[in-house]
1. With the requirement that a residue be among the aliphatic types (A, V, I, L, M), assigned to a helix (DSSP H, G or I) and open to solvent by 10 Å² or more (accessible area, probe 1.4 Å), what does the stretch 45-67 give you?
2. Output the residues belonging to the stretch 223-240 that are under 16 Å from the mean Cα position of the chain (by Cα) and of a type in the set (D, E, K, R).
3. Quick check on the stretch 171-180. Is at least one of its residues among the small types (Gly, Ala, Ser) and on the phi > 0 side of the Ramachandran plot?
4. Can you say whether Glu139 is at pLDDT 95 or above, surrounded by 13 or more Cβ atoms within 10 Å (Cβ to Cβ) and over 23 Å from Arg102 (Cβ atoms), as far as the supplied structure shows?
5. I'm trying to understand the selection: among the residues of the stretch 69-83, which are over 22 Å from Val189 (Cβ atoms) and either buried (at least 17 other Cβ atoms within 10 Å of the Cβ) or at pLDDT below 95 (or both)?
6. If I filter the stretch 164-189 down to residues being under 22 Å from Asn63 (Cα atoms) and assigned to a loop (DSSP other than H, G, I, E, B), which single residue comes out as most open to solvent (accessible area, probe 1.4 Å)?
7. So which of Gly212, Gly157 ends up being part of a loop (DSSP other than H, G, I, E, B), surrounded by fewer than 23 Cβ atoms within 10 Å (Cβ to Cβ) and in contact (Cβ under 8 Å) with a residue 24 or more places away in the chain?
8. Go over the candidates Val134, Val144 one by one and state the one that is within 22 Å of the chain's Cα centre (by Cα), farther than 22 Å from Ile60 by Cβ and among the β-branched types (Val, Ile, Thr).
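The values are calculated or read from the model by the stated rules, or taken from the named source; none is laboratory data. Computed from a predicted model, the values in this text were never measured in an experiment. Cβ coordinates were reconstructed from backbone atoms using ideal geometry, including for glycine residues, and neighbour counts include every protein chain displayed. Accessible surface areas use protein heavy atoms only, side chains included; no ligands, DNA or RNA. Shrake-Rupley method; radii C 1.70, N 1.55, O 1.52, S 1.80 Å.
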Amino acid sequence: MICSSQLSQPMNGLKDIVETRNFKAWLLDQYGVLHDGKKPYPGAISTLKNLATAGAKIVIISNSSRRASTTMEKLKGLGFDPSYFTGAITSGELTHQSLQRRDDPWFAALGRSCIHMTWNDRGAISLEGLDLNVVENVEEADFVLAHGTEALGLPSGSVSPRTLDELEKILEKSAARGLPMIVANPDYVTVEANVFHIMPGTLASKYEELGGEVKWMGKPHKMIYESAIAIAGVNPPESIAVGDSLHHDIKGANVSGIESIFITGGIHGNELGLTSFDETASLDSVKTLTAKHNAFPTYVLSAFKW
């Protein structure tokens, strides 16, 4: 485990790191690093090109509820050249694979009937190929599957919009029955075009407070980092993770024994007192925040820039 309270001085850009350290694989978060959900951050596309040209194997590692292929399609649509990426792994992909294969004892013991919490405005998540029976009644369910926080999946395949309060009432009934819960996106919130959205991790945290059992799929848990490193075909010490969430990206890197870069202008920007893109946070404020989250990056950058 890498866990040091001794932060380096903030770097000017990735070039400083590439020229001094030989990391073969770069594990990149997407939201808050490459783009804001709607458009790339200034300089992100050219920085990615420079990193790839320097010979880095680049893998997207994301707490997205969606499959890895969907993530790559989104990045292409935002202007990122797919040829620069070695691959991608998402928490949604891990969830899909685990439910499909059921080669893990925990997943093998699950039934087939589930309460499915999903998206409405953001687009519902397909369960095709998983041989699951979606039910509305908690009494008929074997487990809870949380892909989103906007709707409840229906047996017909359509969705019924739900408020967070309504979903939490369903969680209360599920916890009372002792149903296990799978959270396909461990993020608590995400920032999309400067707007915060509540994510499934918030529901999962509530479920644990209710005494429910949660299977967390994705960052900061080690399994998703192991998958990303396997995609790159390198060893952990040859890898570095880049992310804007101390709790998910940096903590996950610490747990997985790899070095990391904290992008201060993402989800923690307001906490650090930042008001504009590429504004530099003070080292003291970064140290205070990393200590609060008990997550310690190797390097600090204001943005994903060369």
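1. Ile45, Ala52
2. If the condition is that a residue be under 16 Å from the mean Cα position of the chain (by Cα) and of a type in the set (D, E, K, R), then Glu226 is the only one that fits.
3. yes
4. Against the criterion (at pLDDT 95 or above, surrounded by 13 or more Cβ atoms within 10 Å (Cβ to Cβ) and over 23 Å from Arg102 (Cβ atoms)), Glu139 does not qualify.
5. Answer for the stretch 69-83, where residues must be over 22 Å from Val189 (Cβ atoms) and either buried (at least 17 other Cβ atoms within 10 Å of the Cβ) or at pLDDT below 95 (or both): Met72, Phe80.
6. Step by step, filter the stretch 164-189, then rank; the result is Tyr188.
7. Just a single option satisfies the conditions, and that option is Gly212.
8. Of the residues listed, the single one that is within 22 Å of the chain's Cα centre (by Cα), farther than 22 Å from Ile60 by Cβ and among the β-branched types (Val, Ile, Thr) is Val144.
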